[in-house]
Every structure is written in structure tokens, then in C-alpha cells.
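Notes to accompany the following structure.
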Amino acid sequence: MGVMLHRQRRRCALLLPIAVALAACSQSSAGISHYFHATGRMSVDLAQAAPSEWDRVCVIGPYMADRHAEEIIGFAWPVERRTSIDRNDGITLLLFIHRNRVVQHVEHPRRQGDFAGLAGRCFNRDEAKFKRAEGRADDWPELVPAP
């Protein structure tokens, strides 16, 4: 009986950090979507919408693999293992980085503000303001850097 209880506790201890990380990612994407909708689907300020501690955000586009992400962010981080970006074109991956460490990642639905046109770029926290590009269809509203 004691061995089974120990195994269950160990399994819970291993799964808890994963559950917390997934919940944080979902909340961040929801926060970004909420901010975008609150502005009439016209803009988003990631410093406000994703308020955790980060220095820069990097945009990883659909179908990008680990090696592409490493070139963009400057260090290895397993996008293929931790996200669905290498096989899902309905999202853009936002990597929030603090002191050269990914502190949060968000699989953001492109229909809630499309960052895909910014794939391969990183933005400092104070520059992470985006507006809707003019003349784009409403289904996947393209976001571009705001002045």
C-alpha cells in the first residue's frame, strides 16, 4: 500500500509543473486575445496583455522547427517537443524571454490577431506594440509593429 501511495505522489509531483505551465500558456493567449478584442480588434500591447517578467518576445511562425527557433532566439529551445508549431498553421508561437531563457510560451490562435507575418523577429518589451494591418480580411487579422 505504501509503495502505491508513493508512486501516485511521485506521478502527481511530475505532472503538476506540466499542468501549471499549460494553464499559464492558455491564460496568456486568452489575455492577448482579450486585449485585442477590447481594442476593437485593432491593436495589442504585449507588455500589458502578457504581464509576466520578460525582456523580449520572439515570433515563431507555422511549421518552424527547432533549428529555426534557435537561429531566431539565439539559444536552443525545443519548440517541436513543447508546442505544435511545427505542424499547426493556425497558431503563431510567441516566446517570452527573460535573460536568455524562455519564461513563457504562447500558442496564439491566428484568428485572434495574426503575428505570422512577423515570424523570425524579436521585439524588446517596450517595442512589443502591434496594430492591425490595413486592408486585410477579418478572418485572420494581420498584426504589424505599431509606431
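Bear in mind these aren't lab numbers, they're just calculated from the coordinates by the rules spelled out. This structure is a prediction, so every number in the text was calculated from the model and none was measured. Counting neighbours? That spans all protein chains shown, and the Cβs are built from the backbone with ideal geometry, glycine included.
DSSP loop (so not H, G, I, E, B), at most 15 other Cβ within 10 Å: list which chymotrypsin sites (Phe, Trp or Tyr not before Pro) in segment 50-137 pass both filters. Don't jump to the answer; show the numbers that get you there.
Details: sites: Trp54, Tyr63, Phe75, Phe96, Phe115, Phe123, Phe130; in loops: Trp54, Tyr63, Phe75, Phe115.
Those that pass, being in a loop and sparsely packed, are Tyr63, Phe75.
Report, by chain and number, residues whose modeled amide H sits under 5 Å from the one on Thr92, excluding near sequence neighbours (fewer than 5 apart, same chain).
Amide H neighbours of Thr92: His108, Arg110.
Between the DSSP loop rule and a limit of at most 16 other Cβ atoms within 10 Å, which trypsin sites (Lys or Arg not before Pro) in segment 39-81 are left?
Counting only loop positions with at most 16 other Cβ atoms within 10 Å, the trypsin sites (Lys or Arg not before Pro) in segment 39-81 are Arg41.
List the GluC sites (Glu not before Pro) within segment 59-147 that fall in a DSSP loop (any state other than H, G, I, E or B) and whose Cβ has at most 12 other Cβ atoms within 10 Å. List each step's numbers first, then the result.
Details: sites: Glu70, Glu71, Glu80, Glu107, Glu127, Glu134, Glu142; in loops: Glu134.
The qualifying sites are Glu134.
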